[in-house]
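Q: Pasting in a structure now, in structure tokens, and then I'll have a few things to ask.
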Amino acid sequence: MPNDGSLPIKGVLLHDTLWLRPDADRRREWEVALRELAEEAGMSIREATGLEGTATLKLAMVYDAVELRAQVGEEVRVAARMALETIRAQVQEYLAIVERMGKALSEGTTHRLEALDLAKAIVHDDAATKIQRVLKPGLDLDFPAARRFFTLLCILVRDGAPKTQETTET
């Protein structure tokens, strides 16, 4: 456990209701995004007093927000909550850029593709910085984790992930 009172997060899951809708291809994409977020990025729960070990983070879409619940053993805490409105503009812009990149790729316009890729990276970075700031009271995400979290949110929003109605279910 880190010396600063935080608890490392070693796994990221989606709330069960989120898995109701996606087809096999979407499921694979979601699984890859979850694995990359959990394995390749630094995340920890702030102020984890009384908890020891490592936590699993469970993401739920609750009404118009993302709720992140941390579980250590049998104990579950809501670690952070972020209104989707916070990053709605970045999600919409990012998805529009990805769509334009697909068109540029099919047209073979590499110079346009390079410019769009740069624009996508700028939006991604802006959203990651905003996510870090909003989640900071409950979670510490390093920059790569915040970028991967944004990617996960983009694909969930794009795919119309169903909402969970309650805020306390584990």
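Q: Using a simple charge model, +1 on the beta-carbon of Lys and Arg, -1 on the beta-carbon of Asp and Glu, nothing else, what dipole does the chain show about its Cα centre, in debye to the nearest 20?
A: 300
Q: Mind checking the full-extension length gain between Asp159 and His111? Use 0.36 nm per residue of separation minus the Cα-Cα distance, one decimal, nm.
A: 14.4 nm
Q: How many percent of Cα pairs in the chain exceed 21 Å? Could you put the intermediate results ahead of the total?
A: On the way: 7070 of 14365 pairs.
For the chain, the share of Cα pairs beyond 21 Å comes to 49 percent.
Q: Could you give the length gained by full extension between Asp16 and Glu31, i.e. 0.36 nm per residue of separation minus their alpha carbon distance, to one decimal place? Walk me through the intermediate numbers first.
A: On the way: separation 15, 0.36 × 15 = 5.40 nm, distance 1.32 nm.
Going from the current span to full extension adds 4.1 nm.
Q: Taking the dipole about the Cα centre of the chain, with the C-beta of Lys and Arg at +1 and of Asp and Glu at -1, give me whichever of Met61, Ala145, Ile87 is farthest to the positive side.
A: Ile87
All of the numbers you see were taken from the coordinates with simple rules; none came from a lab. A quick note: this is a predicted structure, and the numbers were derived from the prediction, not measured. Please note: Cβ atoms are built from the backbone with ideal geometry, for glycine as well, and neighbour counts cover all protein chains shown.
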